[in-house]
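Take a look at the structure below.
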Amino acid sequence: MSDLKKIKDDFLLKLEKKLSLSEINEIKTNLFGKNGLISSQFKKIGSISESEKKKFASELNLIKDELQNQINSKINEIQSEEINKKLKKEKVDITLPERTFVQGKIHPVSQTIDEISSIFSEIGFSVEEGPDVETEYNNFTALNTPDNHPARDMHDTFYLDEKKEKLLRTHTSPVQIRTMLKDKPPFKIIAPGRTYRSDSDQTHSPMFHQVEGLHIDKDINMGHLKGCLNYFIKEFFEVKKIKMRFRPSHFPFTEPSAEVDIGYEIKDGKIFIGEGDKWLEILGCGMVHPKVLKNVKVDSTKYQGYAFGIGIDRLAMLKYGINDLRAFFDCDYRWLNHFGFDPLDVPTNYRGLSR
Ligand code: PHE
């Protein structure tokens, strides 16, 4: 048997077996690679006598084609087998039940903060933020709260070190200080955020939320404060009229100071804001004390203004009919599913009524 015939028979036999792609590629190199068996036969052609050359060359070409065809069809076979396997595995079973889609809810406090920010931004307030861990100076001293003031009592304040230099802010008012130290007047900001006091019952939680307001300019007076709060409360509760009263009060950082109550009434177990003869306290406010302005290097003979601090949780409770403040922070999914807001369907009309 000639060399060529032997090569052909040997390899056709090999190619009959079940082979992997890499085994076939190996055979391909053995035959047609640079020093492959068939390639070396082609190199021989030059040295063969003229009479034999033609026959040898044609036989060689035939064998080459046969082997090449066999290899190619083997490769095709393997590839289509793989594709079929894949298609079988990736088949979509349209009879399966659909997967349940769980969508989160927006916490009522976050929703309320968004609403408040949106209402104030419409009348030119921008939003500032401050840290929960504050210095004693920003939380008290700079706000004209002397050492012996009852607000400094251990019962109210969570101190974080023995020297009582660091604490969890007891109100958002230190953001007034931070804002005024950072920039030059005029200032027109609100600052929503978490606040902390050592207190816990149905209407008090050791962590709660406030929104601070501060408006300082050359000719701001109490009338502006009243107008601003009146606008805010009407927009927030979506009522056209509001009963509001300013009660004289005291805060070390404002003079004069007031607490603001809004009128409400309860009919058939439902609360109606803006009517009736009951009063509910919702915020503290006043004209910023000249000593506070001095502490932040604002000239109080040129600039003055008002500040207020609103309890956010209480507003949210009133607006959304929630009667235990502690539920806000229990992280109970069932509660959140009931009182939370669909992120794709939040109420959009909360600023609409008085316009
Ligand atoms: N910081 C005060 C409080 O927490 C509220 C307040 C803020 C009062 C700004 C006056 C001005 O009770």
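The values are calculated or read from the model by the stated rules, or taken from the named source; none is laboratory data. For clarity, every value in this text was computed on a predicted model and none was experimentally measured. Note: ideal-geometry Cβ built from the backbone for every residue, glycine included; neighbour counts use all protein chains shown.
Quick notes on this structure:
- Residues (at pLDDT below 80 and either hydroxyl-bearing (Ser, Thr, Tyr) or not assigned by TED's automatic domain parsing to the domain that holds Ile116 (or both)) located in the stretch 195-211: Thr203
- In the stretch 164-177, the residues that are at pLDDT 95 or above reach residues that are small (Gly, Ala, Ser) and near the ligand (Cβ under 7 Å from one of its atoms) with C-beta atoms within less than 7 angstrom, at least six apart or across chains, in these pairs: His171/Gly309; Thr172/Gly309; Ser173/Gly309; Gln176/Ala307.
- The listed residues are Gly104, Gly130, and the only one of them that is within 14 Å of the ligand (Cβ to nearest atom) and within 23 Å of the chain's Cα centre (by Cα) turns out to be Gly130.
- If you filter the stretch 241-267 down to residues that are out of contact with any His (no Cβ under 7 Å at 6 or more places or on another chain) and among the hydroxyl-bearing types (Ser, Thr, Tyr), you find that the one that is nearest to His171 (Cα to Cα) is Ser249.
- The stretch 246-284 - residue that is within 37 Å of the chain's Cα centre (by Cα) and of a type in the set (Val, Ile, Thr) and, of those, nearest to Asn144 (Cα to Cα): Thr254
- Test for Phe236: is it of a type in the set (Phe, Trp, Tyr) and in contact (Cβ under 8 Å) with a residue 40 or more places away in the chain: yes
- Residues (within 10 Å of the ligand (Cβ to nearest atom) and surrounded by fewer than 14 Cβ atoms within 10 Å (Cβ to Cβ)) located in the stretch 240-286: His250
- Consider the stretch 301-311 and keep the residues that are surrounded by fewer than 22 Cβ atoms within 10 Å (Cβ to Cβ) and within 16 Å of the ligand (Cβ to nearest atom). The one that is modelled with the highest pLDDT is Gln304.
- When the stretch 141-157 is filtered for residues that are at pLDDT below 95 and in contact with a Leu (Cβ under 9 Å, 6 or more places away or on another chain), only Thr157 remains.
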